[in-house]
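Beneath this line is the structure, given in structure tokens, with notes to follow.
The values are calculated or read from the model by the stated rules, or taken from the named source; none is laboratory data. If you're wondering where the values come from, they're calculated on a predicted model, not measured in any experiment. All Cβ positions, even for glycine, are placed from backbone atoms using ideal geometry, and neighbour counts span all protein chains on display.
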Amino acid sequence: MLEQELRQESNRVQAIRMIGFGEYLPGEPVTNEQMEEVFSIRKEWIDLMIGNTSRYFAVDFKRGTVNFNLTDICTEAAVRAIEDAGIEKTDIDLIVLSTATPDHLMPATVNLVADRLGLSHVRTYQIQAGCSGALQGVDVATQFLALGTYRYALVIGGDVCNKYMDLNRDFKKLRSSEIINYALFGDGAGAVVLTNDDRDGLEIVHIQNRFEGLGKKPGQIMNWFGAIPENIQELSKRDIRKQFQSANEDYKAIESSVPIMTKEVLDELLAIMNWTREDVTYYLLPQLGWNMTKKIIESLGLDLDSTINCVQYTGNNGNALPYLQMKKLQNKLSHGDKVVCVAIESSKWIKTGITLIYKEGCRQ
């Protein structure tokens, strides 16, 4: 209780608010009908197993070309968030970027984005994470802004899956365990501008970020290497693909654990805030796939109208999703609205969550 009181007192002294939102989804939406044409994944199967109706890709599978990289889409999302906040690029004091799919091991993608934005002498940090990374980025930026040394922070989250794809493969011959990822995941980027200035925005009240996978098998593994060179003997290629898959998911573990962990995070956040579920105006829940999200909403007994969802149209684009939800929420907010956002990462089981209250400021 003392820790909660101290946190609330600190927020009263130096409140941090989200004041600008941006998103970027590359290319045109890829429908389930198009997925059936390119990958031979039956539309009915996608509807039944995943529930998403479209997704966006940074690659053109028909032409076998990469049209966007992570730097491209994160820069565009950042520009839109800065414009939405009504500030200049040069006002940004700090940039934090989270991703599971950086363009390179080095240089860090966050620095490539800073260069594209024309910013120098700015603090930059990059977080390597899955779905939890978006709120981790907000957490890092909030700590700096709370000190009062900086005024504006730009937080970006994005992912592109093309580096894990061999565009020359015959997708129609892929195993179901491989092909499901193409229907479930998509590419995209989102961004938010934070400030300690007194502006209209979503005020951050509490952030939770906690690892809880001690002794538990990972639900998702993604490796660094890309496509296997064609000059390797066929037997060796088969052995390598079997032993070192670029992506490996335990969907049964994800399906059973994520709803439970979501409820645990939600209950803890409500207890910390002394809120009931009825007090919360909007819920931003994990967006693994639309069918899974619907199950989470139903298991929590929430009204669908109180939840903000986008995965059915955007696909699961990892670090971008919470920002896409916030962007969708933006025009619905009124003074005093309470918001709870939860993101669960299954890679090694990380719980993240944030509570927000929309406040009208004195200065515009």
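So is Asp279 at pLDDT 95 or above and either surrounded by fewer than 16 Cβ atoms within 10 Å (Cβ to Cβ) or of a type in the set (D, E, K, R) (or both) or not? Can you show your working first?
Values: at pLDDT 95 or above: yes; either surrounded by fewer than 16 Cβ atoms within 10 Å (Cβ to Cβ) or of a type in the set (D, E, K, R) (or both): yes.
For Asp279, the condition - at pLDDT 95 or above and either surrounded by fewer than 16 Cβ atoms within 10 Å (Cβ to Cβ) or of a type in the set (D, E, K, R) (or both) - is met.
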Hey, among Ile357, Ile344, which residue is part of a strand (DSSP E or B), in contact with an Asp or Glu (Cβ under 6 Å, 6 or more places away or on another chain) and not aromatic (Phe, Trp, Tyr)? Ile357
Helices (runs of 4 or more DSSP H) contained entirely in the range 20-120, each with at least 2 residues that are of a type in the set (A, V, I, L, M) and over 29 Å from Thr142 (Cα atoms): 32-39, 43-49
Within the range 35-48, how many residues turn out to be within 25 Å of the chain's Cα centre (by Cα) and buried (at least 17 other Cβ atoms within 10 Å of the Cβ)? 2
Inside the range 327-355, can you point out the residues that are in contact (Cβ under 8 Å) with a residue 60 or more places away in the chain, over 13 Å from Met261 (Cα atoms) and among the charged types (D, E, K, R)? Lys327, Lys338
Residues being over 20 Å from Lys89 (Cα atoms) and either in the same structural domain as Val342 (by TED's automatic domain parsing) or of a type in the set (S, T, N, Q) (or both): count how many of those fall in the range 128-155. 4
Taking the range 19-62 on its own, how many of its residues are over 18 Å from Asn309 (Cα atoms) and of a type in the set (Phe, Trp, Tyr)? 4
Of the conditions (1) modelled with pLDDT under 95; (2) in contact with a Gly (Cβ under 7 Å, 6 or more places away or on another chain); (3) assigned to a helix (DSSP H, G or I), Gln136 satisfies every one except a single condition; which number is it? (2)
The condition from (1) farther than 16 Å from Ala129 by Cβ; (2) in contact with a His (Cβ under 8 Å, 6 or more places away or on another chain); (3) of a type outside the set (Lys, Arg) that Leu356 misses is numbered (2)
Counting only residues in the range 327-341 that are of a type in the set (A, V, I, L, M, F, W, C) and part of a strand (DSSP E or B), the one surrounded by the most Cβ atoms within 10 Å (Cβ to Cβ) is identified as Cys341
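Quick grid of which residues meet (1) of a type outside the set (Asp, Glu); (2) touching a helix residue (DSSP H, G or I) at 6+ places or on another chain (Cβ under 6 Å):
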{"position": "Ala271", "(1), (2)": "yes, no"}
{"position": "Leu288", "(1), (2)": "yes, no"}
{"position": "Asn291", "(1), (2)": "yes, no"}
{"position": "Leu302", "(1), (2)": "yes, no"}
{"position": "Gln325", "(1), (2)": "yes, no"}
{"position": "Asn331", "(1), (2)": "yes, no"}
{"position": "Asp337", "(1), (2)": "no, no"}
{"position": "Ile344", "(1), (2)": "yes, yes"}
Out of the range 85-121, which residues are of a type outside the set (A, V, I, L, M, F, W, C), at negative phi and in contact (Cβ under 8 Å) with a residue 12 or more places away in the chain? Lys89, Thr90, Asp91, Asp93, Ser98, Thr99, Thr101, Pro102, Asp103, Thr109, Asn111, Arg116
Considering only the range 151-164, state which residues are modelled with pLDDT of 95 or more and aromatic (Phe, Trp, Tyr). Tyr152
With the structure loaded, tell me whether Gly64 is among the small types (Gly, Ala, Ser), out of contact with any helix residue (DSSP H, G or I) (no Cβ under 8 Å at 6 or more places or on another chain) and either under 30 Å from Ile180 (Cβ atoms) or in the same structural domain as Ile296 (by TED's automatic domain parsing) (or both) or whether it fails that test. yes
Residue check, Tyr125 against (1) closer than 22 Å to Asp200 by Cα; (2) part of a strand (DSSP E or B), all met but one. Which one? (1)
Looking for whichever is surrounded by 15 or more Cβ atoms within 10 Å (Cβ to Cβ), small (Gly, Ala, Ser) and either out of contact with any Leu (no Cβ under 7 Å at 6 or more places or on another chain) or over 24 Å from Asn331 (Cβ atoms) (or both) here; the options are Gly51, Gly64, Gly86. Which one fits? Gly51
